[in-house]
Amino acid sequence: VMTAAQALANHYGARLNLVHVVEISPVFVDTDITSLRKEIMEAADSSLRERKATLGIEAPHTVVEGVVSSAIHQTALDCSADFIVLGRGHAQGRFTRFWSHLYSVVRESPCPVLSI
């Protein structure tokens, strides 16, 4: 997905910004998961940095927590995005949970969406 997004950005002379949304499920109200949340966000950031380095992609990125569709919508607004490229990921299999987010991402997007 990142390679395709980079290729599109290069072809059209566009700026590429990457976002990874982490959806942390709510837990019991009396449980403090602040440290766990921080670890999850840091791990996602580290993983994204490693993937970018492996693929040779030099683009700013952000890792955000929230509902996938809302987080992508807000990030697109913050970045003044003209186009969104998103994907389910190759390791997720045919029926991934993210697939259920596709319609809401497209519906809430402030710009066109390409799903890979």
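The values are calculated or read from the model by the stated rules, or taken from the named source; none is laboratory data. No experiment lies behind these values; they were computed from the predicted model shown. Here the Cβ positions follow ideal geometry from the backbone for every residue, glycine too, while neighbour counts run over all protein chains shown. The area values use the complete protein model at the heavy-atom level, side chains included, leaving out ligands, DNA and RNA. Shrake-Rupley method; radii C 1.70, N 1.55, O 1.52, S 1.80 Å.
Quick look at the numbers
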{"read-out": "Highest average packing first - 8-17, 66-75, Cβ atoms within 10 Å", "value": "66-75, 8-17"}
{"read-out": "Mean shadow area of the range 20-81, taken as a quarter of the surface of its Cα convex hull (nm²)", "value": "4.9"}
{"read-out": "Net lengthening on full extension, N10/A44 (0.36 nm per residue, minus Cα-Cα)", "value": "9.7 nm"}
{"read-out": "17 Å reach of a label modelled at Y103, 7 Å along Cα-to-Cβ, counting backbone N of the range 67-81", "value": "68-70"}
{"read-out": "Amide H partners (placed H, <5 Å) of T62, local residues excluded", "value": "L18, V19, H20"}
{"read-out": "Accessible area, probe 1.4 Å, largest first, for residues D45, D82", "value": "D82, D45"}
{"read-out": "Net charge, R37 excluded, C-beta distance under 12 Å - Lys, Arg +1, Asp, Glu -1", "value": "-4"}
{"read-out": "Inter-site label distance for V1 and D78 at 7 Å from Cα along Cβ, in nm", "value": "1.7"}
